[in-house]
Amino acid sequence: MSAFEEHKEELEHYEQMFGRDRGRLAVSLDRLTNALVLVGQHGVYCTSQRNPTVPSMDLRMIVQELTHAKELLQSVMEEMRRAKQPQ
């Protein structure tokens, strides 16, 4: 199932509230946030062999990549908001 089918109601809600582009970005941010939560929960059980108090290296790399993707999406949304505001 595609993201458009699986998240149809959420997409419709945010697209109506923010417009098509910003609505889709908002849903994307929600998906990234959910992924970060899931990886964080998984990190409790998959700890580093060297240091059991931190998640394994692969999970830390996934969290870093998801966090960076989220930051980039947030910056695009902020730029779009600024461009929409009257001068």
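The values are calculated or read from the model by the stated rules, or taken from the named source; none is laboratory data. A quick note: this is a predicted structure, and the numbers were derived from the prediction, not measured. For neighbour counting, all protein chains shown are included, and Cβ atoms are generated from backbone atoms with ideal geometry for every residue, glycine included.
Listed values, structure above:
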{"quantity": "Residue in the stretch 80-87 that is surrounded by fewer than 10 Cβ atoms within 10 Å (Cβ to Cβ) and within 20 Å of Ser28 (Cα to Cα) present", "calculated": "yes"}
{"quantity": "Flag if Arg50 is of a type in the set (Lys, Arg), free of Cβ contacts under 8 Å to residues at least 24 places away in the same chain and either surrounded by 17 or more Cβ atoms within 10 Å (Cβ to Cβ) or out of contact with any His (no Cβ under 7 Å at 6 or more places or on another chain) (or both)", "calculated": "yes"}
{"quantity": "Members of the stretch 12-25 found to be within 21 Å of Glu79 (Cβ to Cβ) and surrounded by 12 or more Cβ atoms within 10 Å (Cβ to Cβ), listed by number", "calculated": "Tyr14, Glu15, Phe18, Gly19, Asp21, Arg22, Gly23, Arg24, Leu25"}
{"quantity": "Residue within the stretch 36-59 that is at pLDDT below 90 and among the basic types (Lys, Arg) present", "calculated": "yes"}
{"quantity": "Filter result for Ser28 (surrounded by 13 or more Cβ atoms within 10 Å (Cβ to Cβ) and polar (S, T, N, Q))", "calculated": "yes"}
